[in-house]
Amino acid sequence: MGKFDFESLDGTRVRGWRNDGTGVPVVISNGLGTSPEAWPALCRGDSGFRVCTWYYRGTGGGGRPQDPGRVRIDDHVGDLLALMDHEGIERAIVPCWSMGVSVGFEFARQHPDRVAGLMAVAGVPGGMFQAMFGLMRVPRAIRHDSGVAAARAMRAVGPALNALARTIPLNTATASVINHSGFLLPAARPERLIPALREFRTHDFRWYFTLALGAQDHAPIDLTTLEMPVTMVAGRYDVLTFVGDMVEAAAQIPHAEIKILPGSHFLPLEYPDEIARWVGELADRSDLR
């Protein structure tokens, strides 16, 4: 169980991860900057799934692309394809989170034969910035520009964020403050939250927000062509992906199931057992069982 390196389609060295489990193959298209520890129930070696995932370019110990512009959604789709080929996985269930929803659904659009089932967790398939701040009643017409502006501002102060993140102690007290902030909710218990934060705070945040901005031109995907089983999991109190946008996306797929949890954007940390169970149900709806 652990990390390994593989080469992507453009030669970039990418860091991957596997749980060495057995069962239905599951390839996680993760949220930006998050680690496998953010999916505690799904990624256990005894979860009943063979799970693998990858870290976004230049994170988790992987290399940055020679061309710094190669951080668009299509580039991450190439990384997902290279990961599956490296691991010898022909078809898999693909749970996706946050920005990873755009990556996973775009992968399914381009390579439908490799995807047996799709799960979107707290993310929309394309148009990521358009779904931001809806809970705060920001008008849809200005959400994209507002989200992009916020990401550019955070990239500009990236060096200061780097220094700040490394000075914050990680313990139950700070975890309690974070999961009572409203951005994250108390369901993300400290024993789940602290391991995820430990790796997250090591990021170069200027590069992190460069990666985020790489998704700004990825338009909403035509979902009517998706024939594999789909489950959408939304957080009722999600600031970064408005629940209404996820419901609208699910309505475009006649066979999609929609689940709404009383959680935030960080549902894999807040409701790991429910999500693992729904991944199993998604596998049951596929032909992989």
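No lab work stands behind these numbers, since they all come straight from the coordinates. Computed from a predicted model, the values in this text were never measured in an experiment. Cβ placement follows ideal geometry from the backbone for every residue including glycine, while neighbour counts extend to all protein chains displayed.
Arranged from highest to lowest average of other beta-carbon atoms within 10 Å per residue, in what order do the peptides 81-87, 249-255, 139-145 appear? Don't skip to the end; give the middle numbers.
Values: 81-87: 18.3, 249-255: 16.6, 139-145: 13.0.
Ranking the peptides 81-87, 249-255, 139-145 by packing returns 81-87, 249-255, 139-145.
What net charge is computed for the residues neighbouring GLY88, neighbours being all others with C-beta under 12 Å from the C-beta of GLY88, Lys and Arg scored +1, Asp and Glu -1?
Numbers: positive: ARG18, ARG50, ARG91; negative: ASP85, GLU87, GLU90.
Result for the local shell: 0.
Along the Cα→Cβ direction, 7 angstrom out, place labels at SER146 and VAL247. What is the inter-label distance in nm?
1.9
What is the range 207-288's relative contact order, in percent, from Cα pairs under 8 angstrom and six or more apart in sequence? Working shown, then result.
Details: 74 pairs, mean separation 24.9, N = 82.
Relative contact order comes out at 30 percent.
Report the extension gain between GLU274 and GLU257 in nm, rounded to one decimal, defined as 0.36 nm multiplied by the number of residues separating them, less their alpha carbon distance. Numbers along the way, then the final one.
Details: separation 17, 0.36 × 17 = 6.12 nm, distance 1.42 nm.
Here the segment from GLU274 to GLU257 would lengthen by 4.7 nm.
Residues of the range 209-253 with amide nitrogen under 17 Å from the 7 Å Cα-to-Cβ point of ARG72?
210-222
Could you calculate the FRET efficiency of THR202 with VAL138 from 1/(1 + (r/R0)^6), where r is the beta carbon distance between them and R0 is 35 Å, rounded to 0.05?
Values: r = 31 Å, r/R0 = 0.89.
Working from the Cβ atoms, E equals 0.65.
State the extension gain, in nm to one decimal, for the chain segment bounded by ALA163 and TYR237, taking 0.36 nm per residue of separation less the distance between their alpha-carbons.
Computed gain between ALA163 and TYR237 is 23.7 nm.
Stretch ASP113-ALA173 to full length: gain in nm at 0.36 nm per residue minus the Cα-Cα span?
Numbers: separation 60, 0.36 × 60 = 21.60 nm, distance 4.66 nm.
That pair, ASP113 and ALA173, stretches by 16.9 nm at full extension.
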